[in-house]
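Data first, discussion second: the structure below is written as structure tokens.
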């Protein structure tokens with residue numbers, strides 16, 4: 001296990017904002033690049049939807065655990081969640097998968113105090129992603145962080161700065177980026193199979209059932225509600241602000257655009273080769289067909305982004321019954337890349353091309369068309385880079401995660417500022433002469449969960 005020279009995190013409730021902000025700069029020892037080096041992972045966030053499978057609440061963290069279990073010389077040594085009720089069943093699952101019982105922690109800061117943890121894998125809610133990533137970098141840990149990497153644009157930039165300052169490997173969790181077939185499809189676009197691309201469009205037509213209206217109530221035994229809220233404003237406990245439905249409130253979530261639309265926007269930006277922000281954004285939409293007390297975020301949202309060279313990205317989300325789009329093989333969750341000689345439909349694990357004015361089917365592949373030895377995923381790619389220290393080999397480094405998450409944040413800011421078209425300055429990462437929209441690009445965190453002024 002690597003020896004890590006680390007800062008001491010003060011763990012009690014009296015901790016000050018200044019203590020978090022004052023982490024000294026240092027470079028911890030690199031893990032041996034031997035393929036037999038063992039990497040010890042802490043998975044953070046195992047709660048998920050209300051539905052249970054065999055007594056276990058499903059959550060994104062379990063996806064992380066299963067993927068790590070398929071990688072040689074990796075162990076999940078710690079489970080971290082604010083809901084202690086989840087530990088017994090999930091400890092047992094980890095013990096079956098890895099052969100040893102994990103530690104359990106409620107407070108993420110305790111995980112960072114553990115010198116035996118090499119990597120933290122963040123499946124926590126959106127509003128925790130940035131602060132946990134920055135703290136982890138300061139503590140000398142490498143990071144896998146779920147999409148969207150941040151809750152607002154400003155804190156995403158802090159993540160990029162922290163990864164660079166502390167020389168950490170930080171993987172942004174977008175599974176498409178590791179798909180062999182999608183990589184091939186992007187390569188074909190680069191080679192000109194579609195001619196000159198002029199536009200990309202993402203669709204997320206995904207029905208969401210009504211979540212109902214529930215009164216505030218007592219915090220369930222075993223749930224640390226204050227720590228769940230973390231940097232978000234304090235609210236009384238409500239079941240609709242917990243588990244999966246935190247996505248639908250601005251304090252903790254980023255609406256469907258951040259939850260699922262980001263996959264489409266990331267693919268669109270990747271395919272078009274855009275490594276900067278757009279210069280114009282306009283968002284329209286609203287909450288339709290639902291009781292407005294159920295959720296704060298829209299269930300229909302359309303955003304148009306324009307880049308300096310005139311290239312367009314459009315993103316459409318519908319949470320109500322809707323159609324599929326494209327060929328019979330294409331579903332309601334796709335990215336479409338349009339060129340002057342055809343278009344490509346991209347899913348999570350493959351692509352299809354339609355060429356010429358009549359859309360004649362062209363090359364198409366899924367990951368099933370590639371040998372098992374050539375397939376990867378974001379977790380496997382992360383571990384390879386942790387072992388060899390080659391940040392440049394990451395499928396989705398944090399800067400890419402920031403640029404894609406920023407599309408979510410720009411769309412949200414435009415929507416919340418009155419659904420107006422707004423000009424944006426990519427260099428300053430601020431809107432031009434639109435203070436109202438700028439308000440939604442950052443926020444003040446709740447004490448003591450403070451983002452450092454200087455990471």
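None of the figures in this text is laboratory data; all of them are computed from the coordinates on show. Note that the structure is a prediction, hence the values are computed from the model and not measured. In this analysis, Cβ positions are derived from the backbone assuming ideal geometry, glycine residues included, and neighbour counts consider all displayed protein chains.
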Two-site FRET efficiency, residue 92 against residue 239, from Cβ-Cβ distance with R₀ of 25 Å, rounded to 0.05:
0.45
What helix-only [θ] at 222 nm does the chain give? Using -39500 (n - 2.57) per DSSP H run of at least 4, over all residues, to the nearest 500, the answer is -7500 deg cm²/dmol
Could I have the simple spin-label model distance between residue 324 and residue 219, label points 7 Å from Cα toward Cβ, reported in nm to one decimal?
4.6 nm
Taking every pair of distinct Cα atoms and averaging 1/r, then inverting, what Kirkwood hydrodynamic radius in Å comes out for the chain?
22.6 Å
For 454, 267, what's the fewest-to-most ordering of other Cβ within 10 Å of each Cβ?
454, 267
Quick note on 385, 80, ordering by fewest other C-beta atoms within 10 Å, gives 385, 80
Provide the gained length on full extension for the span residue 425 to residue 69, in nm with one decimal, where the gain is 0.36 nm per separating residue minus the Cα-Cα distance.
123.8 nm
Would you list 225, 246, 128 from fewest to most Cβ contacts within 10 Å?
225, 246, 128
By what distance, in whole Å, do the Cα atoms of the stretch 269-397 stretch along each of the three principal axes, largest value first?
50, 41, 33
Quote the FRET efficiency, to the nearest 0.05, computed for residue 107 versus residue 198 with a Förster distance R0 of 35 Å and r equal to the Cβ-Cβ distance.
0.10
If R0 is 30 Å, what FRET efficiency do you get for residue 288 and residue 436 from their C-beta distance, rounded to 0.05?
0.80
Over the chain, what is the relative contact order in whole percent, taking alpha-carbon pairs under 8 Å and six or more residues apart?
21 percent
How many angstrom separate the Cα center of the stretch 195-225 from the Cα center of the stretch 64-106?
26 Å
Once both labels are modelled 7 Å past Cα along the beta-carbon direction, what's the residue 372-residue 447 spacing in nm?
5.6 nm
By DSSP, what percent of the beta bridges with both residues in the chain are antiparallel, rounded to the nearest 5?
60 percent
